[in-house]
Each structure stands twice: as C-alpha cells, then as structure tokens.
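**Student:** Let me begin by handing over the structure; questions about it come next.
The values are calculated or read from the model by the stated rules, or taken from the named source; none is laboratory data. For clarity, every value in this text was computed on a predicted model and none was experimentally measured. As a convention, Cβ positions derive from the backbone with ideal geometry for all residues, glycine included, and neighbour counts pool all protein chains shown.
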Amino acid sequence: MIERDTRYDGKYYVGIRSTGIVCRPSCRSRLPKPENVMIYPSVEEALNAGFRPCKRCKPETPSSLGPDAEIAEAVMKYIKERYREPLTLETIAAELLMSPYHLQRVVKRVTGLTPTKHVQKIRVEQAQILLKSTQLNVAEIAYAVGFKNPSHFSATFKKMIGSTPNEYRLEPVGGG
C-alpha cells in the first residue's frame with residue numbers, strides 16, 4: 001500500500017475505518033493511519049462490511065488495470081483514432097471529461113510520455129509508412145498525418161528519427 005503497487009490490485013482490498021471507504025492497494029489517496037486499515041480478500045466483503053467504494057481508485061470496477069491505466073488507455077485510443085486532427089491537451093481532456101492537468105499527469109505517469117509526445121510519435125510513425133509506401137511529397141504527408149506545416153513536420157521527424165523525411169524515404173527498406 002505504501003508503494004502503491006498495482007500488482008496487488010484485485011488480490012486484496014483496503015477498508016479505511018476513519019473514512020468508511022474501501023480502496024485498491026495502489027490507490028493514490030492519502031495513506032491512512034495503520035490502526036484504521038482493514039484488509040479484505042474481495043471488494044464485495046468490504047462493501048458488505050459497510051465500506052463504500054473510493055471515487056478515486058474505483059475498486060468495484062472489474063479491470064485489473066486500475067483507473068489511471070484505463071485513463072491512459074482511453075487517451076491512447078483517442079489519439080490513434082484522431083491523430084490527423086488538430087489535437088491539444090485541452091481538446092483531449094474535454095473529450096474525456098477531465099482536467100488537462102490531471103490527464104497530463106496520469107498519462108505521463110502510466111506511459112512515460114505526455115499526450116502531446118504520443119500525438120507526435122503516432123504522427124511520425126504514420127509518416128514513416130507513407131514515406132515508404134506512397135509517392136506523396138513531404139508537404140502532403142505532413143498535412144495527411146496532422147502537422148500544421150511541413151517545416152514543423154520535418155524538424156519533428158528529424159529530431160525523432162535522426163534523418164529528414166526525404167533521407168528516410170531514400171533509405172533501403174529494412175534499415176540496411
């Protein structure tokens with residue numbers, strides 16, 4: 001519980017006497033005093049003992065991923081479906097009904113990258129495919145994958161891949 005380790009989620013649940021709330025072991029809420037902690041083997045047993053589910057960690061939801069991983073998964077799905085559109089942290093957060101700050105923090109903690117970096121990564125990955133499989137010019141590819149202008153696309157591509165889009169296009173397939 002102290003380390004908020006998700007490996008124990010679903011194996012036991014923590015009832016907090018002082019608040020009347022049941023949580024997952026990985027819950028990010030403030031740690032309770034040890035004397036207020038009761039351990040339950042199932043969320044049903046904790047609920048039957050009179051505890052209510054935590055609104056933060058949602059122990060009653062069956063997912064083993066936990067709410068933070070579910071948020072990150074929803075963000076990734078949204079980005080993959082809409083990477084061609086002008087995406088900002090604010091638009092993604094509004095679509096998922098949460099604050100931009102919370103969304104940014106959760107996604108970065110779960111995946112290691114910010115939502116903006118995920119958008120760039122997916123756009124560049126899609127551009128790589130188009131560079132190798134079409135005759136579209138660099139500007140057309142930039143717009144097709146959601147960049148506002150070709151120069152920003154080229155700079156981002158070079159920073160992430162290590163070569164310009166045109167240099168990448170000329171490399172043999174398979175990287176050798």
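**Student:** For the stretch 135-176, what are the residues that are of a type in the set (Phe, Trp, Tyr) and not in a helix (DSSP H, G or I)?
**Tutor:** Within the stretch 135-176, Phe147 is the sole residue that qualifies.
**Student:** May I pose another question? Any idea which of Lys159, Lys117, Lys108 is within 20 Å of the chain's Cα centre (by Cα) and at pLDDT 95 or above? Give the derivation first.
**Tutor:** Numbers: Lys159 fails: within 20 Å of the chain's Cα centre (by Cα); Lys108 fails: at pLDDT 95 or above.
After ruling out the rest, the residue left standing is Lys117.
**Student:** Among the residues of the stretch 77-122, which ones are among the charged types (D, E, K, R) and under 25 Å from Arg4 (Cβ atoms)?
**Tutor:** Answer for the stretch 77-122, where residues must be among the charged types (D, E, K, R) and under 25 Å from Arg4 (Cβ atoms): Lys77, Arg105, Lys108, Arg109, Lys117.
**Student:** Kindly provide the set of residues from the stretch 1-48 that are crowded, with 20+ Cβ neighbours inside 10 Å, assigned to a strand (DSSP E or B) and under 26 Å from the mean Cα position of the chain (by Cα), ordered by number.
**Tutor:** Scanning the stretch 1-48 gives Asp9, Tyr13, Val14, Val22, Cys23.
Each row is one residue, and each column tells you yes or no for (1) assigned by TED's automatic domain parsing to the domain that holds Gly112; (2) within 30 Å of Glu95 (Cα to Cα); (3) of a type in the set (Val, Ile, Thr); (4) touching a strand residue (DSSP E or B) at 6+ places or on another chain (Cβ under 6 Å).
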| site | (1), (2), (3), (4) |
| --- | --- |
| Arg17 | no, no, no, no |
| Val22 | no, yes, yes, yes |
| Ser26 | no, yes, no, yes |
| Pro32 | no, no, no, yes |
| Glu45 | no, no, no, no |
| Asn48 | no, no, no, no |
| Glu70 | yes, yes, no, no |
| Lys77 | yes, yes, no, no |
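**Student:** Also, I was wondering about something else. Which residue out of Ile71, Ile122 is at negative phi, surrounded by 15 or more Cβ atoms within 10 Å (Cβ to Cβ), β-branched (Val, Ile, Thr) and modelled with pLDDT under 95?
**Tutor:** Residue meeting the stated conditions: Ile71.
**Student:** Follow-up. The conditions are (1) in contact (Cβ under 8 Å) with a residue 40 or more places away in the chain; (2) closer than 22 Å to Ala155 by Cα, and Val110 fails exactly one of them. Which is it?
**Tutor:** Going through (1) in contact (Cβ under 8 Å) with a residue 40 or more places away in the chain; (2) closer than 22 Å to Ala155 by Cα one by one, Val110 breaks only (2).
**Student:** Ok, one more. Say whether the condition of being of a type in the set (A, V, I, L, M), assigned by TED's automatic domain parsing to the domain that holds Lys77, touching a residue at least 12 places away in the same chain (Cβ under 8 Å) and within 30 Å of Pro67 (Cα to Cα) is met by at least one residue in the stretch 131-141.
**Tutor:** no
**Student:** Another question, if that's okay. Among the residues of the stretch 67-118, count how many are in contact with a Leu (Cβ under 8 Å, 6 or more places away or on another chain) and either part of a helix (DSSP H, G or I) or of a type in the set (Asp, Glu) (or both).
**Tutor:** Total meeting the criteria: 15.
**Student:** Against the definition (over 20 Å from Ser29 (Cβ atoms), out of contact with any strand residue (DSSP E or B) (no Cβ under 6 Å at 6 or more places or on another chain) and either surrounded by 14 or more Cβ atoms within 10 Å (Cβ to Cβ) or among the small types (Gly, Ala, Ser) (or both)), how does Pro115 come out, yes or no?
**Tutor:** Values: over 20 Å from Ser29 (Cβ atoms): yes; out of contact with any strand residue (DSSP E or B) (no Cβ under 6 Å at 6 or more places or on another chain): yes; either surrounded by 14 or more Cβ atoms within 10 Å (Cβ to Cβ) or among the small types (Gly, Ala, Ser) (or both): yes.
Yes; evaluated as a whole, the condition is true for this residue.
**Student:** Could you tell me whether the stretch 85-94 includes any residue that is surrounded by fewer than 16 Cβ atoms within 10 Å (Cβ to Cβ) and touching a residue at least 60 places away in the same chain (Cβ under 8 Å)?
**Tutor:** We begin by selecting, within the stretch 85-94, every residue surrounded by fewer than 16 Cβ atoms within 10 Å (Cβ to Cβ); these are 85-86, 88, 90-91, 94.
The next check asks that each one be touching a residue at least 60 places away in the same chain (Cβ under 8 Å); those that pass are 85-86.
Yes, the conditions are met somewhere in the stretch 85-94.
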